[in-house]
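Here the structure is laid out as structure tokens; the discussion comes afterwards.
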Amino acid sequence: MSSQSSPGKAAPLKRETFSSRRLFILSAIGSAVGLGNIWRFPYIAYDNGGGAFLIPYLVALLTAGIPLLFLDYAVGHKFRGSAPLAYRRLHRAAEPLGWWQVLVCFVIAAYYAVIIAWSLMYTIFSFTEAWGDDAEGFFFGNFLGVAEAPGLGFDFVPSVFFPLLLIWAAVILIMVAGIRKGISRANAVLLPLLVAMFVLLVIQALFLPGAAQGLNAFFTPDWSALADPSVWAAAYGHIFFSLSVGYGIMVTYSSYLKRRTDLTGSGMVVAFSNSGFEILAGIGVFAALGFMAQAAGTGVNEVVTQGIGLAFVAFPTIVSQAPFGAVMGVLFFGSLVFAGVTSLISVLEVIVAAVQDKLGWGRVKASLVVSILVAVVSLGLFPTATGLYLLDTSDAFVNSFGITLGALVTVVVLAWFLRRLPLLSVHLNRVSTVKMRGTWMVLVSVVVPLALIYMVANEFISKISTPYEGYPGWFVGVFGWGMAGGLVVLALVLTLIPWSRTSKANHDPEYDSLVEREAKETAL
Amino acid sequence: MTPVAITMMIIAIVTVWGGLALSLLNLKRHPEDEGALPEEHAPEL
């Protein structure tokens with residue numbers, strides 16, 4: 001115990017840790033399981049071969065998702081820092097990668113919270129079926145009050161603003177409480193609750209008339225899809241977004257792990273839990289869509305949808321028609337809220353940890369300043385009549401040119417320029433049960449970059465050839481391209497800001513002694 | 001449900017949830033090493 005105060009300098013605070021491996025795993029699952037598992041996976045699988053999609057999906061999981069997850073774990077755990085500090089310790093020149101990821105998280109957190117706020121309101125609406133018999137008109141008209149055309153307005157919508165404020169207040173409390181009392185506890189409560197609620201939802205959906213037709217549509221394989229490259233691209237794309245890899249979250253969370261932790265063994269549990277939840281979501285969503293199709297007297301293909309359309313148009317319709325619909329609504333929208341909150345806190349932690357490290361601030365100060373700053377941006381831009389256009393645009397561009405492009409640059413820099421994979425592989429194998437050697441390095445340095453290049457190129461071509469969603473050029477230019485490019489410029493600027501004299505980058509006896517010990521162990 | 005859809009559903013559940021069961025089993029067989037926290041072994045501080 002370092003109770004003696006070192007002379008001259010005040011002893012810096014020890015890095016927070018997850019108190020057990022179980023809590024780390026729960027938190028990492030909480031982060032990975034988000035809205036995408038519920039509202040994106042079922043549609044992607046259906047649209048890309050149904051049951052046959054399982055093959056590209058599992059291949060993508062094993063050849064790209066899990067290897068990339070372990071890369072994040074290795075960087076965070078070996079270099080024991082927030083994304084910018086961990087990459088800086090890996091190599092000075094790599095620091096901007098960390099800031100890029102921090103900024104991506106800033107953008108995501110700002111709009112992600114808004115969707116949680118909608119879900120919160122819809123949990124309440126489920127009791128009264130506030131949408132009447134026109135779920136679509138209600139959502140875009142009465143509830144969001146969406147303006148005719150995209151733009152930047154400050155025409156606030158109170159029915160979104162106040163629930164959003166509530167979400168931010170709750171999230172700020174969790175962030176201030178720290179890793180053990182905040183993030184661990186929130187996940188230990190919310191994740192089991194989410195799973196229980198979702199299982200009940202799936203059971204209820206399976207008993208609806210028409211559920212079997214929905215499951216037929218979801219699982220019937222279209223084997224010809226396997227010959228289609230775009231199906232494989234969809235599988236790799238989905239795996240990247242679903243596992244929350246490549247934008248700092250897993251680097252940050254694994255930096256709070258104790259030294260001797262089975263990284264790969266824990267990671268396998270996280271990855272398969274995430275996929276397990278997706279399969280469950282696919283069953284639940286398609287059973288419900290089968291019921292909706294039967295009630296409307298149409299085919300399942302007429303009612304399938306994803307994202308906002310699934311959650312806020314199709315599901316309200318199902319809630320209105322199903323027996324015990326209110327229960328179903330509460331289970332579904334409540335699940336969205338819980339899945340969203342556990343992911344949102346992991347995204348915010350990336351920023352909080354980075355600010356703590358760079359400025360040498362304590363937990364409370366850093367989490368308050370960061371969360372309030374993100375909350376102000378979130379509350380200022382999104383609960384407005386034009387907020388939906390902004391959300392849609394920032395989501396599309398930050399996914400393509402923040403997460404995907406950022407992951408590509410990070411992997412290429414680490415594997416090909418700095419050549420750090422052998423070092424990271426040694427670290428992974430030091431204490432882990434599932435060993436990562438040559439195959440892992442080939443997957444990370446060849447398969448992952450190739451998949452990412454294909455995705456980035458695809459996105460670039462589609463977004464440059466037609467203006468996104470037909471929105472005005474200036475709007476996409478500023479909030480799409482401009483925002484995505486701005487993140488890169490700002491990442492470089494943040495790198496140039498010197499690290500505080502009290503920051504861990506300059507004085508971290510805990511980390512130094514660790515490096516020393518590992519060097520000794522290796523020499524033995 | 002059609003036989004082919006049922007088959008694919010079973011395969012999906014077995015592979016993904018089976019993978020989860022296996023990874024949980026692997027973790028159980030290697031219990032957490034509680035010691036070796038850096039702060040507990042830093043005599044030079």
Taking the condition basic (K, R) and at pLDDT below 95, does A:R419 pass? no
Report every pair of residues separated by at least 6 positions or lying on different chains whose Cβ atoms are under 8 Å apart, first residue within the range B:1-29 and within 7 Å of another protein chain (Cβ to nearest Cβ), second in a helix (DSSP H, G or I) and hydroxyl-bearing (S, T, Y). B:V16/A:S275; B:G19/A:S275; B:L20/A:S273; B:L20/A:S275; B:L27/A:S266
Residue identified as on the phi < 0 side of the Ramachandran plot, aliphatic (A, V, I, L, M), surrounded by fewer than 24 Cβ atoms within 10 Å (Cβ to Cβ) and in a helix (DSSP H, G or I) among A:A326, A:A339, A:A287: A:A326
In the range A:486-501, the residues that are out of contact with any Leu (no Cβ under 7 Å at 6 or more places or on another chain) and either more than 12 Å from A:L359 (Cα to Cα) or hydrophobic (A, V, I, L, M, F, W, C) (or both): A:G486, A:V488, A:V489, A:L492, A:V493, A:L494, A:T495, A:L496, A:I497, A:W499
With the checklist (1) within 14 Å of chain B (Cβ to nearest Cβ); (2) surrounded by fewer than 24 Cβ atoms within 10 Å (Cβ to Cβ) in hand, flag the one item A:G36 doesn't pass. (1)
Residues to consider are A:A205, A:A186, A:A170, A:A225; find the one that is surrounded by fewer than 18 Cβ atoms within 10 Å (Cβ to Cβ) and touching a residue at least 12 places away in the same chain (Cβ under 8 Å). A:A170
Output the residue which, of all residues in the range A:248-261 that are crowded, with 24+ Cβ neighbours inside 10 Å and not hydroxyl-bearing (S, T, Y), is farthest from the other protein chains (Cβ to nearest Cβ). A:G248
Pick from A:L200, A:L193, A:L152: which is surrounded by fewer than 23 Cβ atoms within 10 Å (Cβ to Cβ), more than 21 Å from the chain's Cα centre (by Cα) and part of a helix (DSSP H, G or I)? A:L200
Are there any pairs with C-beta distances below 6 angstrom linking a residue in the range A:345-364 that is touching a residue at least 12 places away in the same chain (Cβ under 8 Å) and of a type in the set (D, E) to a residue that is assigned to a loop (DSSP other than H, G, I, E, B) and buried (at least 24 other Cβ atoms within 10 Å of the Cβ), with the two at least 6 apart or on different chains, and if so which? A:D357/A:G81; A:D357/A:S82
So in the range A:487-524, with the set limited to residues that are among the basic types (K, R) and in contact with a helix residue (DSSP H, G or I) (Cβ under 9 Å, 6 or more places away or on another chain), which one is farthest from A:L97 (Cα to Cα)? A:R517
Hey, does the range B:22-29 have a residue that's assigned to a loop (DSSP other than H, G, I, E, B), modelled with pLDDT under 95 and surrounded by 13 or more Cβ atoms within 10 Å (Cβ to Cβ)? no
Tell me, which helices (runs of 4 or more DSSP H) wholly within the range A:441-524 include 3 or more residues that are within 14 Å of another protein chain (Cβ to nearest Cβ) and surrounded by 14 or more Cβ atoms within 10 Å (Cβ to Cβ)? A:509-523
Which is within 27 Å of A:G340 (Cβ to Cβ) and away from chain B (no Cβ under 12 Å), of A:V270, A:V231, A:V245? A:V245
Going through the range A:219-257 one residue at a time, which ones are more than 28 Å from A:V456 (Cα to Cα) and of a type in the set (F, W, Y)? A:F219, A:Y256
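The values are calculated or read from the model by the stated rules, or taken from the named source; none is laboratory data. Everything quoted here is computed from the prediction, not taken from an experiment. Heads up, the Cβs are rebuilt from the backbone with ideal geometry, glycines too, and the neighbour counts pull from every protein chain shown.
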